[in-house]
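The values are calculated or read from the model by the stated rules, or taken from the named source; none is laboratory data. Nothing here was measured: the structure is a model prediction, and the numbers come from that model. Please note: Cβ atoms are built from the backbone with ideal geometry, for glycine as well, and neighbour counts cover all protein chains shown.
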Number of protein chains: 2
Amino acid sequence: MTRLVKGQQNKEVLIEREPIDIESFKKMIRQMGLKVTKQRVHILEAMSSGRAHITAQELFEKLNKNHPEIGFATVYRFLKNMTEHSLVTEVRMGGFPARYELTPNQHHDHLNCTQCGKIVEFENESIEELQLAVAKKFNFKLTGHVLELYGQCDQCNSKGSDT
Amino acid sequence: MTRLVKGQQNKEVLIEREPIDIESFKKMIRQMGLKVTKQRVHILEAMSSGRAHITAQELFEKLNKNHPEIGFATVYRFLKNMTEHSLVTEVRMGGFPARYELTPNQHHDHLNCTQCGKIVEFENESIEELQLAVAKKFNFKLTGHVLELYGQCDQCNSKGSDT
DNA sequence: TTCTAAATGATAATGATTTTCATTGACATT
DNA sequence: AATGTCAATGAAAATCATTATCATTTAGAA
Ligand SMILES: [Mn+2]
Ligand SMILES: [Mn+2]
Ligand SMILES: [Zn+2]
Ligand SMILES: [Zn+2]
């Protein structure tokens with residue numbers, strides 16, 4: 001069933017990203033060995049503007065306004081394609097629906113406010129190195145990691161507690 | 001619906017845990033402000049032997065052998081209770097079903113083999129400190145974190161690649 | 001032992017994501 | 001530009017993990 005929900009408008013603190021034009025989008029799609037369809041281009045356009053970390057559902061709703069002909073199966077399918085090709089990064093916070101972002105050049109991890117949903121991207125080379133050291137210690141070949149920090153942002157802290 | 005699946009029997013490298021007796025289990029349940037029922041004690045018994053990181057489904061199947069009267073709603077419910085009281089820790093690996101473990105005294109994170117499912121528990125004080133530093137830098141009050149490392153264990157590496 | 005709220009288990013419901021399948025469309029080739 | 005073919009699409013159903021409902025049972029206080 002298709003459910004339309006008002007998504008909350010949360011702030012993000014992002015690392016720098018370079019803007020991408022439509023031609024680049026088409027190039028990306030071809031690089032994946034897929035056909036260039038208007039829905040795929042629209043999905044990439046939608047992902048490159050607005051909230052960087054978006055759920056499949058939110059993305060579908062956003063697209064739905066200007067392109068009601070795009071089905072959410074297509075959104076899910078293409079997100080999966082792009083994730084497999086590392087053009088999109090899937091971010092999972094606890095048991096919540098996955099959020100997706102166009103993979104930026106610079107690797108980063110996330111700091112999340114559990115109160116208001118604010119997402120801060122950060123990069124810490126020392127942590128990355130220590131992770132490698134841990135893997136090495138246990139004779140693992142490290143292929144990936146998930147580092148998510150949870151807490152309260154300063155706004156939420158100052159605004160008192162609860163609810 | 002109740003589905004019975006053969007769970008794979010994967011190895012784990014665990015930090016030390018002290019054994020817990022039935023009386024302690026009952027104490028734990030009372031501490032949560034809950035009634036001591038045989039199903040709850042059985043669930044705790046099942047969790048304290050065998051694979052430390054177990055899914056709700058696996059736990060249900062394990063219990064089902066000797067205690068077919070326990071419903072899986074009870075398993076889920078009690079796992080949730082215990083998670084809320086921090087007696088159990090929920091571990092989420094990617095989009096897979098959550099795994100649960102009796103919370104040990106020592107905090108730790110996980111190193112997972114994506115090939116065979118081996119789980120290694122580790123603890124790295126430096127990483128913990130750096131996480132605090134990151135949170136501080138962005139004026140967050142850190143309340144929790146998820147750190148999961150993914151890779152191939154040495155056995156899987158030596159056994160060649162693929163499938 | 002009695003009483004009552006909490007706990008249980010069978011089952012239905014939910015929410016996210018995936019699959020199915022009939023139809024459409026991209027694009028390589030005439 | 002017209003054709004053919006296989007990938008892509010969208011609507012809908014299916015799946016999977018998890019949670020809620022509700023009639024019945026039971027722990028444990030009185
Ligand atoms: Mn990000
Ligand atoms: Mn563990
Ligand atoms: Zn906040
Ligand atoms: Zn392995």
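Could you please find all residues in region B:110-143 being more than 7 Å from chain A (Cβ to nearest Cβ), of a type in the set (S, T, N, Q) and part of a strand (DSSP E or B)?
B:Asn112
All but one of (1) without any contact (Cβ under 8 Å) to a residue 24 or more places away in the chain; (2) within 29 Å of A:Ala46 (Cα to Cα); (3) of a type in the set (D, E, K, R) hold for A:Lys136, so report the exception by its number.
Against the list (1) without any contact (Cβ under 8 Å) to a residue 24 or more places away in the chain; (2) within 29 Å of A:Ala46 (Cα to Cα); (3) of a type in the set (D, E, K, R), A:Lys136 comes up short only on (2).
Which numbered condition in (1) part of a loop (DSSP other than H, G, I, E, B); (2) in contact (Cβ under 8 Å) with a residue 40 or more places away in the chain; (3) within 14 Å of DNA strand C (Cβ to nearest atom) is the only one that B:Ile70 fails?
(2)
Quick one: would you say A:Gln106 is loosely packed, with under 13 Cβ neighbours inside 10 Å, over 18 Å from B:Lys141 (Cβ atoms) and away from ligand 3 (no atom under 16 Å from the Cβ)?
Here the answer is yes, as A:Gln106 does meet what is asked.
Give region B:113-126 a look and list any residue that's without any contact (Cβ under 8 Å) to a residue 60 or more places away in the chain and within 9 Å of ligand 4 (Cβ to nearest atom), or say none.
B:Cys113, B:Thr114, B:Gln115
Listed residues A:Tyr100, A:Tyr150; which is within 21 Å of B:Glu129 (Cβ to Cβ) and either more than 9 Å from chain B (Cβ to nearest Cβ) or over 15 Å from the mean Cα position of the chain (by Cα) (or both)?
Going through A:Tyr100, A:Tyr150 in turn, just one is within 21 Å of B:Glu129 (Cβ to Cβ) and either more than 9 Å from chain B (Cβ to nearest Cβ) or over 15 Å from the mean Cα position of the chain (by Cα) (or both): A:Tyr150.
Among the residues of region A:89-97, is any in contact with a strand residue (DSSP E or B) (Cβ under 7 Å, 6 or more places away or on another chain), more than 27 Å from B:Arg99 (Cα to Cα), more than 10 Å from chain B (Cβ to nearest Cβ) and not in a loop (DSSP other than H, G, I, E, B)?
No, there is no match, as no residue in region A:89-97 is in contact with a strand residue (DSSP E or B) (Cβ under 7 Å, 6 or more places away or on another chain), more than 27 Å from B:Arg99 (Cα to Cα), more than 10 Å from chain B (Cβ to nearest Cβ) and not in a loop (DSSP other than H, G, I, E, B).
Considering each of A:Glu123, A:Glu129 in turn, give the residue that is surrounded by fewer than 18 Cβ atoms within 10 Å (Cβ to Cβ), at pLDDT 95 or above and within 18 Å of B:Ala135 (Cα to Cα).
Result: A:Glu123 is the single residue among A:Glu123, A:Glu129 that is surrounded by fewer than 18 Cβ atoms within 10 Å (Cβ to Cβ), at pLDDT 95 or above and within 18 Å of B:Ala135 (Cα to Cα).
Of (1) at pLDDT 95 or above; (2) assigned to a loop (DSSP other than H, G, I, E, B), A:Gln8 satisfies all except one. Which?
Just one mismatch for A:Gln8, condition (1).
Tell me the residue from A:Gln39, A:Gln115 that is modelled with pLDDT of 95 or more, farther than 16 Å from B:Val146 by Cβ and either surrounded by fewer than 17 Cβ atoms within 10 Å (Cβ to Cβ) or in contact with a helix residue (DSSP H, G or I) (Cβ under 6 Å, 6 or more places away or on another chain) (or both), please.
A:Gln39
Which pairs have Cβ atoms under 8 Å, sit 6 or more apart or on different chains, and link a residue in region A:147-159 that is assigned to a loop (DSSP other than H, G, I, E, B) to one that is not polar (S, T, N, Q)?
A:Cys153/A:Cys113; A:Cys153/A:Cys116; A:Cys153/A:Lys118; A:Cys153/A:Val120; A:Cys153/B:Phe138; A:Cys153/B:Phe140
Would you mind stating whether A:Glu58 is closer than 23 Å to B:Phe140 by Cα and surrounded by 17 or more Cβ atoms within 10 Å (Cβ to Cβ)?
Spelling it out, it is not the case that A:Glu58 is closer than 23 Å to B:Phe140 by Cα and surrounded by 17 or more Cβ atoms within 10 Å (Cβ to Cβ).
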